[in-house]
Amino acid sequence: MATELETAEAAGHAAEAVGMPQLDFSTYPNQIFWLVVTLFAIYFVLSRIALPRIGAVLAERQGTISNDIAAAEELKLRAQEAERAYEKALADARAEAQRIVAETKAEIKADLDAATAKADAEIAARSAEAEKQIAEIRAGALESVSEVARATAADVIAAMGFRAESGAVEAAVDGKLKG
Amino acid sequence: MASEDATGGVNIDTMHQFMVRPLFGEGAVHWYTPTNVTLWMGIAVVCTVLLLVMGTRGRAIVPSRIQSVAELAYGFVYKMVEDVSGRDGLKYFPYIMSLFIFIVFANFLGLIPGAFTTTSHLAVTATMALAVFIGVTVLGFVKHGASFLSLFWITAAPLALRPILAVIEVISYFVRPVSHSIRLMGNMMAGHAVMKVFAGFAGVLGVGAVFPVVAIGAIYALEFLVAFIQAYVFAILTCVYLRDALHPHH
């Protein structure tokens, strides 16, 4: 019993001595010293080497990205320009083609008009000639009719046994023909 | 061992892991003695160099994996300083980055089983918090002279309330380093102690140890989160204090 109490007491003392190592002030100078050394080491490494390097890398990346974007923008502009030039050339070609078509059409029309006019003139000349011939033929026919009529009338009168003066028969036939 | 007999079996010494011990041999811990503190802080420095110096050695436009982690850390803290402290706070970015990187590595290295967590010690966190407190206060007085005191004189409040608010503001100002340091140290210590408790249960329960082991897994995941969040909190509070020093006129 006594020994048990003793050991318990000893344990209690030990626990007290250990307690929270966080509150053992005898180790404070040691920890603080090494902490200061550590923090200075880390600060030195960071401020001299690591942070400038990482900052430079990040800035460089940012620069590269914005450069690439600017280049892409420029290329896009150039592509748009090329497209515009192409479209302009296309429109020019189309206009030229239309001009040529119109010109050709006009030429053909002029030729055609000339040919038509010439043909019309020819037709007019020919029909005039034909009319003249018809008129001649008609005149000839009329003459023959009066001749035949006079001869027939003279024959008829002769057949009936009359004698007629040639002048009177002719005048009578002409008068009948005209009437 | 003796205490185990006394309490009848289960006595889990959760605090043993926080002991500061000399690396070589036994004896008193002088301020210059290389201890486990030295070892784990040294490992933190090595990790910092590996990540931020060796990792970025390529200076690649298209970064490697380690380089993108380093760039993420840089961008994370840089943006935090810029957003919280303002553009003129960026001058102090390397200091805040140093603190953040040290705390992150100390916290995460402390999660390795058997490791010593340097940030679970009040001596360490209080030194950093006091450095921030003194640095920020001195900076405020250097930049603004006596008008830095207008930080405590809240012109937005009714005139009658201002003296009372000023007292409260002064008190809260001086409590800052306390909360700043104990928050980090407490989180680190508590998490590790809880894990140790569950590990002790696992040792005693035999087959039933499944439950404490699962619990340890869950707590370990939580501690992983806490390790990062506490470093973030420490850094962002530093930024807030810095903003107060740079722009004391609310």
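Throughout, read-outs are computed from the coordinates displayed, never taken from laboratory work. For clarity, every value in this text was computed on a predicted model and none was experimentally measured. In this analysis, Cβ positions are derived from the backbone assuming ideal geometry, glycine residues included, and neighbour counts consider all displayed protein chains.
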>> For B:Thr35, what residues show an amide H to amide H distance below 5 Å, using hydrogens built from the backbone and excluding near sequence neighbours?
In response: B:Leu23
> Among the aspartates and glutamates, which have Cα under 14 Å from the Cα of A:Lys76 when same-chain residues fewer than 8 positions away are ignored?
Replying inline: A:Asp68
> Against the longest alpha carbon principal axis of chain A, how many degrees, from 0 to 90 and to the nearest 10, is the axis of helix A:28-45 turned?
Replying inline: 30 degrees
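Report, in order of residue number, the helices in chain B meeting two criteria: a C-alpha extent of 30 Å or more along the helix axis, and a mean Kyte-Doolittle hydropathy of at least -1.0; treat each whole DSSP H run as one helix.
Details: long enough: B:122-144 (32 Å, 1.81); B:162-205 (60 Å, 1.01); B:210-246 (54 Å, 1.81).
Qualifying helices: B:122-144, B:162-205, B:210-246.
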> In terms of Cα to Cα distance under 29 Å, which lysines are near enough to B:Lys91, apart from those fewer than 8 places away along the same chain?
Replying inline: B:Lys79, B:Lys143
>> Report the Cα centroid-to-centroid distance between the stretch B:189-206 and the stretch A:61-122 in angstrom, as an integer.
In response: 88 Å
> For B:His30 and B:Val213, what does the FRET efficiency come to when R0 = 60 Å and r is the distance between their Cβ atoms, rounded to the nearest 0.05?
Replying inline: 0.90
> Which of these, B:Ile168, B:Ile154, B:Ile61, has the largest mean-square fluctuation under a Gaussian network model of chain B (Cα springs below 10 Å)?
Replying inline: B:Ile61
>> Give the aspartates and glutamates reachable from A:Lys109 as a straight Cα distance under 19 Å; neighbours fewer than 8 places away on the same chain don't count.
In response: A:Asp120
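Test of understanding: given chain B, find the longest segment containing no trypsin sites (Lys or Arg not before Pro) that are in a DSSP loop and have at most 15 other Cβ atoms within 10 Å. Could you put the intermediate results ahead of the total?
Numbers: sites that count: B:Arg57, B:Arg59.
With a cap of 15 other Cβ atoms within 10 Å, the longest stretch comes to B:60-250.
Within the stretch B:26-107, report the chymotrypsin sites (Phe, Trp or Tyr not before Pro) that DSSP leaves as loop and that have at most 13 other Cβ atoms within 10 Å.
Values: sites: B:Trp31, B:Tyr32, B:Trp40, B:Tyr74, B:Phe76, B:Tyr78, B:Tyr92, B:Tyr95, B:Phe100, B:Phe102, B:Phe105; in loops: B:Trp31, B:Tyr32.
Those satisfying the criteria are B:Trp31, B:Tyr32.
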>> Test of the criteria: in the stretch A:119-179, which trypsin sites (Lys or Arg not before Pro) are in a DSSP loop and have at most 13 other Cβ atoms within 10 angstrom of their Cβ?
In response: A:Arg163
>> Quick check: net charge around B:Ile61, other residues with Cβ under 9 Å of its Cβ, Lys/Arg +1 and Asp/Glu -1?
In response: +1
> Against the longest alpha carbon principal axis of chain A, how many degrees, from 0 to 90 and to the nearest 10, is the axis of helix A:51-159 turned?
Replying inline: 10 degrees
> Most mobile of A:Leu35, A:Leu77, A:Leu112 per a Gaussian network model of chain A (Cα springs, under 10 Å)?
Replying inline: A:Leu35
> Quick one: Karplus J couplings for the stretch B:17-30, per residue in order, coefficients 6.51, -1.76, 1.60, θ = phi - 60°, nearest Hz, x for Gly and Pro?
Replying inline: 5, 9, 5, 8, 10, x, 6, 10, x, 9, x, 5, 9, 7
> Roughly how many nanometres apart are two label points built 7 Å out from the Cα toward the Cβ at A:Ala154 and A:Ala168?
Replying inline: 1.6 nm
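How much length is gained on full extension from B:Leu90 to B:Ala146, taking 0.36 nm per residue of separation minus their Cα-Cα distance? Spell out each step's value before the answer.
Values: separation 56, 0.36 × 56 = 20.16 nm, distance 2.38 nm.
Full-extension gain reported as 17.8 nm.
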